[in-house]
Each structure stands twice: as C-alpha cells, then as structure tokens.
Amino acid sequence: MRILLVEDERRTAQLLREFILKLNPTHEILAICDSIEDTVWVLKGESHPPDLIFMDIELSDGLSFEIFKQAVVPCPVIFCTAHDHYALQAFRNHGIAYLLKPFSEKDIREAFEQHQRLQAFFNQSPAQVQSAIAEITPPATTQDQFLVRFRDKMIPVQVADIVAFIRQEEFVLLYHIDGRSFTVTQSLDDMGVVLPPSDFFRINRRAIVQRKWVKEISNSPNRKIALSMAIALPGPLVVSRLKVSGFLKWMERTEG
C-alpha cells in the first residue's frame, strides 16, 4: 500500500512512519509533507496516487482541509491531531478515522483495521470507499452573518463587514468596520469552521483577519510580519513566523 504522511512535526512524522512499517514492512511511504503547499504539489505531481493518507490538521501554513480545495485527494484519510474539535470537518473530508495525539501503535493498528473493514465492505476498492464517504457526508457550509449581543438586543452582523476576530483573555471580540466591537460566543477554532477560508486567515493563536480589510504589511522581528487594518485594533497584529509564507500567498491569491 502506498501511504502519504502529512505532518509538520518531524518527530511525530518519524514515529508514525515507524509504527506503519512495523505493522507491515511492505507498505511504501510515498512522502512526508509538512505543509499544505508540499502536499498539494505531491498530489498533483504523482502519476501513481497514494492508497491512504495519514494527515495532521494544523500545519505550518494553515489547516489541512485547504488541501481538499486545491487538489484531488484520491483516497481515504486517517486524521492525526492534538485537537478534538475538528472531527466533523475531518469526516466531511474523506476521513475514516480520527486519532488524537499522542497516538500509540495500537491506535495506528486499529485505524488500519478500520480501513480494511471499509475496503472489504466495498469490494476492496479504495475508490468506492471514497465515493461512499462523499455520499454520506454533507458539504461544509459557511456563515454569511453572525448574531451578536448589543445591550439587551441581538443584532445581525454581515461577514463582509467584519475586520477581525481577536481573543481577549477568555472572550472573543468581533471588530466591525464601523469601529464597534462585540463579544461572540464562538471560539476562534469554531470560527475556522464557518468562515470562508478565501476571505479569512488565522494569523496566530489569538486573531483571525479578513483579507479585504488588510491595508498594510510590514516586517516585524524574528521573521514575522505585522498588519495594519482598516480600523484601529487593540495591540499589534502579528502573523506568526510559521504562517508568514501561507499568509502572503493567501493575500496574493486571485479569486477565480
């Protein structure tokens, strides 16, 4: 079986490789990719696609679900992540198993057994497994507005008018283009599920910004970059070093 590993933590990738080959030395590790960009390049360039993918979710240049928008993923996926809140998205994107880190050899073995059961059920055809998963999982949806509390009322805010979401201690604040801010009940992780990725980017652990309201990008220490937005926001908005490359490509992207 040809297996592709998508994991940006080197030690985790090596451990995953060791577990897989220990369970079956005949498996071929096609490649180890550490980013969305590398994975898309491999998937588009391979004349013999993988039969199975082990995939982390939070990569250096964004969430791995972006891969499915940029390339054809030709096989089932076993997701391996430290976070439990991406499960629904995972099963909407070819997922057949969801392993939480730190995983064990037993977890990997059980994931392979799940894959084998699905293949047996669908006459040993990976293509049929993929097709069945696609049929039973609804397409991902995005929101075009949020309801926020303002005094004793709830008011709708259009996504197009949102400059940024910023976490302040235990709260997440929505910043509107008119300068107002509102507390929202969703976490930034929840926002990553419902916001259109073509318009919004999570630049670090505490902030998500909308592309059209980014007005200026400047260099910052330690190979980071700082953003100036269309309105004044509290504190500096700095893109974390590991996200800089993905952010700049996202900013330059032309919508087709």
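List the aspartates and glutamates whose Cα sits under 17 Å from the Cα of K22, skipping any in the same chain fewer than 8 residues away.
Partners found: E105, D107, E110, E113.
Once fully extended, how much extra length lies between L100 and R2, figured as 0.36 nm per residue of separation less the alpha-carbon to alpha-carbon distance? Provide the component values of the computation, followed by the final result.
Details: separation 98, 0.36 × 98 = 35.28 nm, distance 2.28 nm.
Extra length from L100 to R2 when fully extended: 33.0 nm.
Rank these by accessible area, largest first, 1.4 Å probe: T81, T183, T12.
T183, T12, T81
Cα centroid distance between segment 144-172 and segment 1-68, in Å?
What the calculation gives is 37 Å, centre to centre.
Could you list which residues have their amide H under 5 Å from that of L237, counting only those 5 or more apart in sequence or on another chain, with H placed in the peptide plane?
Counting only residues 5 or more places away or on other chains, the set is L227.
With mean projected area of the Cα convex hull in nm² defined as stated, name the option among (1) 12.6; (2) 15.5; (3) 18.4 computed from the structure displayed.
It is the one labelled (2).
Assign one of three labels to segment 22-73, namely rounded, prolate or oblate, based on the Cα gyration tensor with a ≥ b ≥ c the square roots of its eigenvalues; rounded applies when a/c is under 1.5, prolate when it is not and a/b is larger than b/c, and oblate otherwise.
oblate
Where nothing but the Cβ of Lys and Arg (+1) and of Asp and Glu (-1) is charged, how large is the charge dipole of the chain around its Cα centre, in debye to the nearest 20?
Charge dipole of the chain: 580 debye, to the nearest 20.
For the pairs K215/K249; K69/K215; K69/K212; K212/K243, flag any whose C-alpha to C-alpha distance is greater than 25 Å.
Pairs exceeding 25 Å: K69/K215.
5 Å is the cut-off here: which amide hydrogens, built 1.01 Å from N in the peptide plane, fall below it relative to D61, excluding neighbours closer than 5 in sequence?
Under 5 Å from the amide H of D61: I36.
Using Cα pairs under 8 angstrom and six or more residues apart, how large is the relative contact order of the chain, in percent?
On the way: 412 pairs, mean separation 30.3, N = 256.
Relative contact order of the chain: 12 percent.
Can you give the accessible area per residue of segment 1-110, in Å², using a 1.4 Å probe? If you can, show how the numbers build up before the last one.
Working: 5140 Å² over 110 residues.
So segment 1-110 comes to 47 Å² accessible per residue, rounded to a whole number.
Put +1 on the Cβ of every Lys and Arg and -1 on every Asp and Glu Cβ in the chain; which of L195, L237, Q116 then has its Cα farthest towards the positive end of the dipole?
With unit charges placed on the Cβ atoms, the residue in question is L237.
Note down the nm distance, to one decimal, between modelled labels 7 Å out along Cα→Cβ at W41 and at R151.
5.6 nm
I want the local charge near E170. Using Cβ-Cβ distances under 15 Å, sum +1 for each Lys or Arg and -1 for each Asp or Glu among the other residues.
Combined, the nearby Lys, Arg, Asp and Glu give 0.
From the square roots a ≥ b ≥ c of the eigenvalues of the alpha-carbon gyration tensor of segment 154-225, which class results: rounded (a/c under 1.5), prolate (a/b over b/c), or oblate?
Cα axes put segment 154-225 in the prolate bin.
Would you mind calculating the relative contact order of segment 1-100 from Cα pairs under 8 angstrom and at least 6 residues apart, reporting the percent as a whole number?
Rounded, it is 27 percent for segment 1-100.
Quick one: net charge around A97, please, counting Lys, Arg +1 and Asp, Glu -1 for every other residue with C-beta under 9 Å from its C-beta.
Within the 9 Å Cβ shell, the charges total -2.
The values are calculated or read from the model by the stated rules, or taken from the named source; none is laboratory data. Every value quoted in this text rests on a predicted model; they were computed, and no experiment measured them. Glycine gets a Cβ as well: all are built from the backbone with ideal geometry, and neighbour counts include every protein chain shown. Note: areas computed on protein heavy atoms with side chains; ligands, DNA, RNA excluded. Shrake-Rupley method; radii C 1.70, N 1.55, O 1.52, S 1.80 Å.
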